[in-house]
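This report refers to the structure that appears directly beneath it.
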Amino acid sequence: MVLNTINLDIMDRLARKQADRQLSRYLCDTLAPLLPRLPSTAQCLPAFVEKAGKEATAAGYSDGRQYSTHVTLSLLLGLGWQNDIHQATLNPILTAAEFPEPTRLNLAVNTAITLRQQIERVMPQTHQIFLTLLSLNPSVLRAENIWRAFEQSASLYGINTPQRILALFEIYEADALRQLALPAVKRRKYSAYEQLGIRQMTGNMPLPSDDLQHLQLSQLLYLGHHVLLALSFGRFFYDNPLFTVLHDGLYQKADLRQTCHFLLQFLQQHQHTLMEEASNDD
């Protein structure tokens, strides 16, 4: 009997698609209350699981419990969490040799849930900072306004040293400038001796935003929106299928005022959802 050639690669892809569909349904059923707080919808989950699954496989989490754990962490903390602020908390857990793998994976998920709860408690306040920035007339917006908003928001999220805040700002800033096809900022680093001398002479250190004065208004607005959204919704929010509503409003508005108006409405609605959930929990 002659048999057609069996393509094992195709079989593997089909099995993965079937597993992704099952995982999407499970996450939708189990974490349904979480979705509006992200904010997202059940319709976005299949595309998200597919993308998060590719990240999991690329990171070496390609099978069974490893795979589903990595996808769940991405749902709770954002795509690319392993290259964002939460990796410093999760990586030591996932690589702790003294624990068996099931224990490490359970600890990682439980830790991510705690981190998610902390994020949601703070988000209404960080949204308010963002809303205050958006309420400014774009014509009077300055780079310093963006830096101050980021600095305040990062502090609320527990990023509590100037060095850590600046390092995170520079990561998100570089991402935004890359998307604008602009060169990264080469910010001067001052020694402790130089900082002392500058403070004695001027009373203040230069701000990171001083290096953004060359940007056009549209570029400055884009950067400001990007760094604050990345802080709250994850470094790779712009590529996360969970946030299709945000993408549609953010990237399809040609007019700056329309974009700002959309973000005002988006953040106010999300802020309301989070505060309503918090009051129900009380």
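Evaluation of I159 against the conditions (1) buried (at least 18 other Cβ atoms within 10 Å of the Cβ); (2) in a helix (DSSP H, G or I) shows that the sole unmet condition is (2). Filtering region 220-259 to residues that are touching a helix residue (DSSP H, G or I) at 6+ places or on another chain (Cβ under 9 Å) and of a type in the set (G, A, S) leaves G224, A230, S232, G234, G249. Of all the residues in region 74-129, those that are of a type in the set (V, I, T), outside any helix (DSSP H, G or I) and crowded, with 19+ Cβ neighbours inside 10 Å number 1.
Could you list, in sequence order, all residues of region 130-143 that are in contact (Cβ under 8 Å) with a residue 40 or more places away in the chain and either on the phi > 0 side of the Ramachandran plot or part of a helix (DSSP H, G or I) (or both)? F130, L131, L133, L134, P138, S139, A143, listed by residue number. Residues in region 225-242 that are within 22 Å of L168 (Cα to Cα) and of a type in the set (A, V, I, L, M, F, W, C): V227, L228, L229, A230, L231, F233, F236, F237. Only one of the listed residues (A108, A88, A58, A96) is touching a residue at least 24 places away in the same chain (Cβ under 8 Å) and among the hydrophobic types (A, V, I, L, M, F, W, C). That residue is A108.
Take D9 and tell me if it is over 22 Å from D239 (Cβ atoms) and modelled with pLDDT of 80 or more. Answer is no for this residue.
Once region 46-65 is narrowed to residues that are basic (K, R) and under 20 Å from D84 (Cα atoms), the residue that is surrounded by the most Cβ atoms within 10 Å (Cβ to Cβ) is K51.
Residues that are within 20 Å of H272 (Cβ to Cβ) and of a type in the set (S, T, Y) within region 21-42 comprise S40, T41, listed in sequence order.
Scanning region 254-271 for residues that are at pLDDT below 95, surrounded by 14 or more Cβ atoms within 10 Å (Cβ to Cβ), out of contact with any strand residue (DSSP E or B) (no Cβ under 6 Å at 6 or more places or on another chain) and among the acidic types (D, E) turns up nothing. When each of P206, P241 is tested for being modelled with pLDDT under 95 and over 22 Å from P124 (Cα atoms), the lone residue that passes is P206.
The values are calculated or read from the model by the stated rules, or taken from the named source; none is laboratory data. The model shown is predicted, which means the values in this text are computed figures rather than measured ones. In this analysis, Cβ positions are derived from the backbone assuming ideal geometry, glycine residues included, and neighbour counts consider all displayed protein chains.
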